[in-house]
Amino acid sequence: MTIGLTHYLVLATILFVIGLMGVIRRTNLLLLFFSTEILLNAVNIAFAAISKYYADMTGQMFSFFIIAVAASEVAVGLGLLVLWYKRNGTIDLNSLQEMKG
Amino acid sequence: MEAIAFYLFSILTIVMFSIVVFSKNALYSMSALAAGMILISGFFFLLDADFLGVVQIIVYTGAVMALYAFGMMFFDTTKDVKEKFQSETITKVLWISAGVLLLCIITAPFVGGHLALDTPLSSEILDGANNPQAVGVVLFTKYLAQFELAAVMLLVAMVSGIILVGKKMDKSITLDEQLERKVETEEFDVKDNR
Amino acid sequence: MEKYLYIALFAPIVSSLFAGLFATSPKKQFVGVITSGLLALSWFSSIRLLFGLHEKVLHVKLFEWISAGNFHLDFGFVADQTSIIMMVTVTTVSTLVHVYSNYYMEHDKSFNRFFSYLSAFVFSMMILIMSDNFLGLFIGWEGVGVCSWLLIGFWYHKADQPREVYPSISPSWAANEAFIMNRIADLGMLIGIFLIYWNLGSLEYDKVFANVDKLSHGTLVLIGIFLFIGAMGKSAQFPLHTWLADAMEGPTPVSALIHAATMVTAGVYLVIRAFPIYESIPEIGYLIASVGAFVAVFAASMALVNNDLKKIIAYSTLSQLGYMFVAGGLGAYWIALFHLMTHAFFKSVLFLGAGNVMHAMHDELNIKKMGALEHKMKWTMIIMTVASLALAGIWPFAGFFSKDKILETAFSSHHYFLWFLLWLGAGMTAFYSFRLVMLVFKGEPRYKKLGVHPHEAKNYAIYAMAPLALLALVSGFFEHGFVHYVTKMLPELEADIGSGTFIFLLVVTLGIALSGIVFAVKKYSNNNLKDLFEGTFIHKLLINQYYIPVLYEKYITDPYAKLSNFAWEKVDMKIVDATVDLIATIIYGAGDKSKVIQSGNLSKNLKLMVFGLVVLLVAVVISQLG
């Protein structure tokens, strides 16, 4: 059968949901970042698919910029993560909590 | 042909990403993530977005995953990640409901058939051009401002990355002879409290 | 001429506010002097209005008061014949009472506060009698109620005592009783005022009385009844009469001013003022007259055996109010007004004399413990005897003329039973008045056992009482001038009886009065302390006020107190308070549970983000489904 837009979108949704699951579950900061990457990639697929099926370049441009942003985000995020690790010796999410709640 | 590729890629991607999310070993997660990225670029090729696919491999798999790999070296990753999962039920509920809802929303237009296709924006320049040419044309005419801004953003990210982990940034190593000697004899200690 | 009206109206409030400035300071003599002076100014203005307004009626409108939808009312005052007579009476008695109070309250530490309250009372009374609409009347009505409460409970620090020991329990209790009973009656009056507005659309006297004939008979009956209920509370008619005897807890000048001359006559004033309404419903007039006659005899009977000096005089006031209502009910409005005026003079001076006696006896009130005070208090005795003669209705004193006219009216309108009751009442009045005079001033000096050294009141107090005593003597002779003046406004009642019947009635009335006096003098002349009916059941009934206060307490006050307690504990605290507290607890609890949002825990925040996402998605789905 021909692969239509539906298939790609469903795939993107499934990947997005998997990434969401990771964001909720993971308490290790690094693995949290991985889950965020998954989210971004899923969205990229969706944009690219729509771009093809509508013969519009906007979707791919969007994906471009998302990739650029993701790259810079990783750079800064990892820098912060390293600093935090140096100070606290752990990268567990719960260690970030300084408020008493 | 396309269908086979699509289904193969999709199953593999889903499996890889599930490993990323559910694995207890950080190394496994990272490797799976890298594999997933490659497979995603495969999708891009399937979708005739050649340029994007290549960019995905270079930037994401190459640069970003390498960054992650270097980052992993800092942390003690031989042990299994011990994570305390709080309130598993809430997590499952949230996750399943989000998934179901998203699926419904996404597929509703197609199932219902109320799909209004807008006329695509294509111009003469893009006719007959292959993908990189098309990307170039659109990027430097229509999305020029965003391109420049993205460039500035990357610059800022680079500078901040350097500042975050650099040491003695206010002193110049090449101009100050004393500092140069000190730097050579110093030992790099991961755990120094600055 | 308007300026006299304004001076008469506002001088008392200026005096009250001035005295109020010093309310918390110790006694300052000039407060008493200045307040008396301002009241005298008010009196002078009233007299000026009396003699200056020839045949004219003065209307002033101060400002537009209410203008809501169809209802317009101006804050206005009228000086017509009725109100001027009332003004003169009220200001005369008030001024002299103010002067007297300088003597009576001279050792009281709340001297200034007393004058403030007293002047405020006079102001409220002036508003009541000078207002030209029912709502202004009601404001004055409530004002005198409040000031009466303040003044009866003047010595509020006296503690409650049980009823068997001290029938009035305490000044604060008596003040509350007076106010609450007045309030109950005010409900009736308000309903009457509402009915007037509902049917006639206006509350001004002019408009209301011009359109009275447009109303149905039933409506007029209802209005008349309800207004009379209001009058019953203020003028202490049965069954709302118990407060008047207990109101004697206040200082004696208060009793003289309020409970003899002014506040209690407000009810009679209302009936007189609303005479166009009552003229159209003679059967209600007959009802009013019957109640009045009943009260006249009922109160006089209780005064026959009472031993408390002021309570005897209080019951006599109650009895005379009954006479006034008989006159008003039978359509003889000018006679009611005339009796009101003469009664104000001789009753207030009677109270002031009682004040002298009280001071001399160091606040002892039991007349059985007094006696032979004539040697020490000659002038007081003379004045009180004059007043008692006026009260008993002996010629040529004032009471003779007014009371006789009432009896004539009753007889000539063929209400013979009413006449008989009033005639009996006249006899009883004469008896108990002179019983009081005999036991207090004559006989042997029983006060020596108490170790009291009585002496006469100060000179200026006697000078203050003298004009009232003089008026008690001569005001009867103003009858012709009075009729001529007042009947420009009030209807003239033609008593069509032949001259023979007239002479007969005169003789019979005078006869019973004189015989009452003679009987009293003879009974108590030889140091005889036995009361009438002593030792019998009737005596017990009379001396306990027919047990009515006890019945009220048992069947009305106590169940109501229990109901209030129930409402407080079970309804208010358990239901209302609990509900409010529950709301607070819920909100507080919700806040407590919501603290998790701000825990700073990133994992929780991420979960919350996803939750928010889910909510938004649900919203999208639902909105699209619709």
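Taken together, the values in this text are just the output of simple stated rules run on the coordinates, not laboratory data. The structure presented is a predicted model; accordingly, all values stated were derived computationally and were not measured. Every residue, glycine as well, gets a Cβ built from its backbone with ideal geometry; the counts of neighbours run over all protein chains shown.
I want to check the label-to-label distance for residue C:297 and residue C:33. Put each point 7 Å from Cα in the C-beta direction and report it in nm to one decimal.
Going by the 7 Å Cα→Cβ label model, 5.4 nm.
Tell me, what ³J(HN,Hα) does each residue in the stretch C:5-21 have, in order and in whole Hz, if you take phi through Karplus 6.51 cos²θ - 1.76 cosθ + 1.60 with θ = phi - 60° and put x for Gly and Pro?
4, 5, 5, 4, 6, 9, 4, x, 6, 4, 4, 5, 5, 4, 5, x, 4
Report, ordered by chain and residue number, the lysines lying within cross-link reach of residue C:109, taken as a straight Cα distance under 17 Å and ignoring same-chain residues fewer than 8 apart.
C:27, C:28, C:158
Could you work out how much longer the chain between residue C:503 and residue C:417 gets when fully extended? Use 0.36 nm per residue separation minus the Cα distance between them, nm to one decimal.
Details: separation 86, 0.36 × 86 = 30.96 nm, distance 1.95 nm.
Additional length available on full extension: 29.0 nm.
Amide H of residue C:133: which non-local residues (sequence gap of 5 or more, or other chain) have their own amide H closer than 5 Å, using H built in the peptide plane?
The answer is C:205.
Per residue of B:34-44, how many C-beta atoms from partner chains lie within 10 Å of its own C-beta, taken as a mean?
Average neighbour count from other chains, rounded to a whole number: 3.
Counting only other chains, and only Cβ atoms inside 10 Å, what mean value do you get across the residues of B:132-140?
On the way: counts 0, 0, 2, 4, 0, 1, 6, 5, 0.
Mean shielding count: 2.
Taking each residue in B:144-154, count the Cβ atoms of any other chain within 10 Å of its Cβ, then average. What number comes out?
Whole-number average of other-chain Cβ neighbours for B:144-154 is 3.
As a footprinting exposure proxy, order C:435, C:446 by other Cβ within 10 Å, with the fewest listed first.
Ordered by Cβ neighbours within 10 Å, fewest first: C:446, C:435.
Take residue B:1 and residue B:96, extend 7 Å from each Cα along the Cα→Cβ direction, and tell me the distance between the two endpoints in nm.
Output for this residue pair reads 4.2 nm.
Taking 0.36 nm per intervening residue step and subtracting the Cα-Cα distance, what contour gain separates residue C:477 from residue C:424 on full extension? Display every interim value, and only then the final one.
Details: separation 53, 0.36 × 53 = 19.08 nm, distance 2.52 nm.
Contour length minus Cα-Cα distance gives 16.6 nm.
Using r as the Cβ-Cβ distance of residue C:72 and residue C:287, and R0 as 35 Å, what FRET efficiency do you calculate, to the nearest 0.05? Could you put the intermediate results ahead of the total?
Details: r = 34 Å, r/R0 = 0.97.
Computed FRET efficiency for residue C:72 and residue C:287: 0.55.
With a point put 7 Å past each Cα toward its Cβ, work out how far residue B:25 is from residue C:528 in nm, to one decimal.
Going by the 7 Å Cα→Cβ label model, 13.1 nm.
Apply the Karplus curve 6.51 cos²θ - 1.76 cosθ + 1.60, θ = phi - 60°, to the phi angles in the stretch C:77-90 and return the couplings in whole Hz, x for Gly and Pro.
Each residue's phi maps through the Karplus curve to give 10, 10, 10, 10, 4, 4, 5, 5, 4, 4, 4, 4, 4, 4 Hz.
In this model, which of C:458/C:522; C:310/C:488; C:376/C:523; C:61/C:488; C:56/C:310; C:405/C:540 are farther than 30 Å apart at the alpha-carbon?
In this structure, C:458/C:522; C:310/C:488; C:56/C:310; C:405/C:540 lie more than 30 Å apart at Cα.
Residue by residue through the stretch B:61-66, what is 3J(HN,Hα) from phi via Karplus (6.51 cos²θ - 1.76 cosθ + 1.60, θ = phi - 60°)? Round to whole Hz and write x for glycine and proline.
5, x, 7, 5, 5, 5
Along the Cα-to-C-beta direction of residue C:211, a point sits 7 Å from the Cα; which residues of the stretch C:258-282 have their amide N less than 17 Å from that point?
Hits in the stretch C:258-282 for residue C:211 at 17 Å: C:276-277.
Which of the pairs C:369/C:403; B:142/B:167; C:234/C:442; C:311/C:530; A:86/B:24 have their Cα atoms more than 30 Å apart in this structure? Please report the intermediate quantities before stating the final value.
On the way: C:369/C:403 32 Å; B:142/B:167 42 Å; C:234/C:442 36 Å; C:311/C:530 18 Å; A:86/B:24 23 Å.
Over 30 Å apart, Cα to Cα: C:369/C:403; B:142/B:167; C:234/C:442.
Computed over the Cα atoms, what is the radius of gyration of chain A divided by 2.2 N^0.38 Å, N being its residue count?
Its radius of gyration relative to the 2.2 N^0.38 Å reference: 1.35.
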